[in-house]
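To keep things clear, I will list the structure first and then write my remarks on it.
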Amino acid sequence: MDIRVLRPSDIPLIQHANIENLPENYFLKYYLYHALSWPQLSYVAVDVSRPAKSAYDYPKIVGYVLAKMEEEPTDGVQHGHITSLSVMRTHRRLGIAEKLMRQSQALLISLGRDETEQAMVETFGAHYVSLHVRVSNAAAIHLYRDTLGFKTEKTEAKYYADGEDAYCMKLDLAPIR
Ligand code: ACO
C-alpha cells in the first residue's frame with residue numbers, strides 16, 4: 001500500500017470512492033480546489049499490488065483523506081479541517097485510514113506526528129484540526145477519538161441533509177507547535 005499526496009489526476013477516482021462510501025458528495029471542482037489550494041494536506045492510499053496494465057492504466061485508489069485550511073474561521077483561530085475521509089470496503093480494518101490521517105514519514109517519525117497535521121502547523125499556522133462526523137458512525141468515531149485523540153467539542157443538531165446530528169470534533173495541535 002502506498003500513501004502519497006493527492007494529485008489532480010486522482011480526482012475522478014477520489015470522487016468515485018467518495019460516492020461509494022459516503023452520502024456527503026461534492027462537485028469535481030471542490031476536490032480540485034483542495035488539491036490546488038492546499039496540496040500538502042490531502043492524501044490517497046494506492047493499492048500497488050495490482051500492476052499497471054499500460055501507461056494509461058489508472059492507479060487503484062482504495063482510500064483518501066481530503067483536508068483543507070478553514071478559510072474564514074468563525075473563532076478567528078487558524079485551523080485545518082478534514083473535509084472527507086474514506087476507505088473502500090474491501091480494504092477496511094487494515095490501518096489505512098489511520099495511516100492517511102497519521103502520515104509518519106521519515107522526518108516526522110521521531111516526532112511521532114501526522115504529516116498532514118504537521119503541514120497544517122508549519123505551513124499554515126494551524127492551531128487545531130476540526131471535523132464533523134455522524135453520531136451513528138461508530139467506526140469513524142473510534143478512529144478519531146480513540147486512535148487519534150480528537151475530542152468532541154459539541155453536537156450540531158441536524159447537521160446532515162437527512163437530519164442526523166454531527167459531533168464536531170477537534171484535535172489540538174499545541175503539542176507539536
Ligand atoms: N467499528 C469499530 N472500530 C473500527 C471500525 C468499526 N467498524 N473500523 C475501524 N475501527 C477502528 C480500528 O479497529 C482501529 O482502532 P485501533 O486503533 O483501536 O486498532 C481504528 O478504528 C482505525 O482503523 P483503520 O483500519 O485505520 O480504519 P479503516 O481504514 O477501516 O477506515 C473508516 C475507517 C474511514 C471510518 C472506514 O470505515 C470508512 O471509510 N467508512 C465509511 C466512510 C466514513 O464513515 N468516513 C468517515 C466520515 S467522517 C469524515 O469524513 C470527516
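Quick note: the coordinates plus some simple rules give every number you see, no bench work behind them. As the structure is a computational prediction, the values presented were derived from the model and not from experiment. Note that each Cβ is placed from the backbone with ideal geometry, even for glycine, and that neighbours are counted across all protein chains shown.
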**Complete:** Subset of the range 70-96, residues more than 8 Å from the ligand (Cβ to nearest atom) and surrounded by 19 or more Cβ atoms within 10 Å (Cβ to Cβ), comes to His79, Gly80, His81
**Request:** Just one of (1) surrounded by fewer than 17 Cβ atoms within 10 Å (Cβ to Cβ); (2) free of Cβ contacts under 8 Å to residues at least 60 places away in the same chain; (3) of a type in the set (A, V, I, L, M) trips up Leu22, so point out which.
**Result:** (2)
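Conditions tested, residue by residue: (1) in a loop (DSSP other than H, G, I, E, B); (2) farther than 16 Å from Met88 by Cα.
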| site | (1), (2) |
| --- | --- |
| Ala17 | no, no |
| Glu20 | no, no |
| Tyr30 | no, yes |
| His34 | no, yes |
| Leu41 | yes, yes |
| Val48 | yes, no |
| Val65 | no, no |
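Under the condition of being within 12 Å of the ligand (Cβ to nearest atom) and over 11 Å from Tyr64 (Cα atoms), which residue from the range 1-19 is surrounded by the fewest Cβ atoms within 10 Å (Cβ to Cβ)? Walk me through it before giving the result.
Filtering the range 1-19 for residues within 12 Å of the ligand (Cβ to nearest atom) gives 1, 3, 17-19.
Subset that is over 11 Å from Tyr64 (Cα atoms): 1, 19.
Details: Met1: 14, Ile19: 12.
That would be Ile19.
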**Asked** Is it fair to say Tyr58 is of a type in the set (Ser, Thr, Tyr) and assigned to a loop (DSSP other than H, G, I, E, B)?
**Response** yes
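Considering each residue of the range 133-147, count those that are surrounded by 14 or more Cβ atoms within 10 Å (Cβ to Cβ) and in contact with an Asp or Glu (Cβ under 7 Å, 6 or more places away or on another chain), and give that number. Write out each step before concluding.
At the first step, the residues of the range 133-147 found to be surrounded by 14 or more Cβ atoms within 10 Å (Cβ to Cβ) are 133-135, 137, 140-141, 143-145.
Restricting the remaining residues to those that are in contact with an Asp or Glu (Cβ under 7 Å, 6 or more places away or on another chain) gives 134-135, 143.
Adding up the residues that qualify gives 3.
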